[in-house]
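This report concerns only the one structure given below.
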Ligand SMILES: *Cc1c(COP(=O)(O)O)cnc(C)c1O
């Protein structure tokens, strides 16, 4: 169970309560420093959600009406929702066999209106960040990383979210770094961007009585910063435990090819396995079979963003993004979290194996 061991959190809340500093303040700053050190970024600020971190990042780069942002449709709603929230237009490109933005398709999507590339660390894996950053530099574009599922992950030793200009993270309960409700984080190495984002997050305030520009309230709460600070201490362990489970599941499922297709796991990529997703043949029937056998399987997500009702005016149709659509029809998310046992993994492999051999 999450937070089975919450004594430390309660103890730190008892430190906070008498101070009555329930917005920003030293507990938030302490976590911002700890998270910056953890990911290896110069500057971090806490936000109230990952969605707000994405909106704040796009705002900070001056992105707005008429601008195009190259991103993916194989992600959670918020990636695209944030782009639309600042008045810009999402331009979706297809994914590769690891469900990540296909860097080979970026250049063909660039127009005179393109301002930024917004890759997603989908499921906690990483797209080819070095290549994406190099392409952005070549074309004078900014890179905002949706690393909402990324804390604990890296590419060639560089933490997810620290490759581009700005990294965005969520601390929703389903993410590897989570709080007891909503929370988010944003990182950058650029002091000017940091200073602007810090002000915008807090109404554009320079002091209690003055604002420099119009901002909003996107603040991380100190109560949650304390939770995040405690959970941060276990993120590496959690990711390592999930990786061990994934290693066993991958090995078992690879034997079922072509019924099950396990993605490649390139060396030097550390994935958080926020979601453990495998493509399966005959998905609908397998899902019912898993459910009947007490296995909690899910689909993230059956309808990719470009085929959502919200995307109608963007002009995509079925066939626009073949790999994204094929994966949306075939992927199942299986439990691989740190609380499952070897026996449960064996059971899961047995149930799936029998489904295809009977
Ligand atoms: C969770 C998530 C978000 C949104 O984060 P919230 O904190 O729930 O607002 C955005 N993008 C991705 C890829 C996510 O997984």
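The values are calculated or read from the model by the stated rules, or taken from the named source; none is laboratory data. Just so it is clear, the model here is predicted, and its values are computed rather than measured. Note: ideal-geometry Cβ built from the backbone for every residue, glycine included; neighbour counts use all protein chains shown.
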Selected residue [closer than 27 Å to residue 275 by Cβ, assigned by TED's automatic domain parsing to the domain that holds residue 181, under 16 Å from the mean Cα position of the chain (by Cα) and within 16 Å of the ligand (Cβ to nearest atom)] from 125, 85: 125
Test result for residue 123, within 20 Å of residue 333 (Cβ to Cβ) and in a helix (DSSP H, G or I): yes
Name every residue in the range 162-181 that is within 10 Å of the ligand (Cβ to nearest atom) and either within 14 Å of the chain's Cα centre (by Cα) or not in a loop (DSSP other than H, G, I, E, B) (or both), in order of residue number. 168, 169, 170, 171, 172, 173, 174, 175, 178
Where residues in the range 56-77 are within 13 Å of the ligand (Cβ to nearest atom) and surrounded by fewer than 24 Cβ atoms within 10 Å (Cβ to Cβ), which of them is farthest from residue 310 (Cα to Cα)? 76
Does residue 3 satisfy the criteria of being more than 16 Å from the ligand (Cβ to nearest atom) and modelled with pLDDT under 95? yes
Hits in the range 96-120 (condition: within 16 Å of the ligand (Cβ to nearest atom) and either at pLDDT below 95 or in a strand (DSSP E or B) (or both)): 101, 116, 117, 120
Out of the range 18-60, which residues are in a helix (DSSP H, G or I) and within 21 Å of residue 83 (Cβ to Cβ)? 50, 51, 52, 53, 54, 55, 56, 57, 58, 59, 60
The range 85-121: number of residues that are in contact with a strand residue (DSSP E or B) (Cβ under 7 Å, 6 or more places away or on another chain) and either closer than 27 Å to residue 157 by Cα or in contact (Cβ under 8 Å) with a residue 60 or more places away in the chain (or both): 16
Filter the range 142-152 for residues that are closer than 27 Å to residue 110 by Cβ and in contact (Cβ under 8 Å) with a residue 40 or more places away in the chain; which is farthest from the ligand (Cβ to nearest atom)? 142
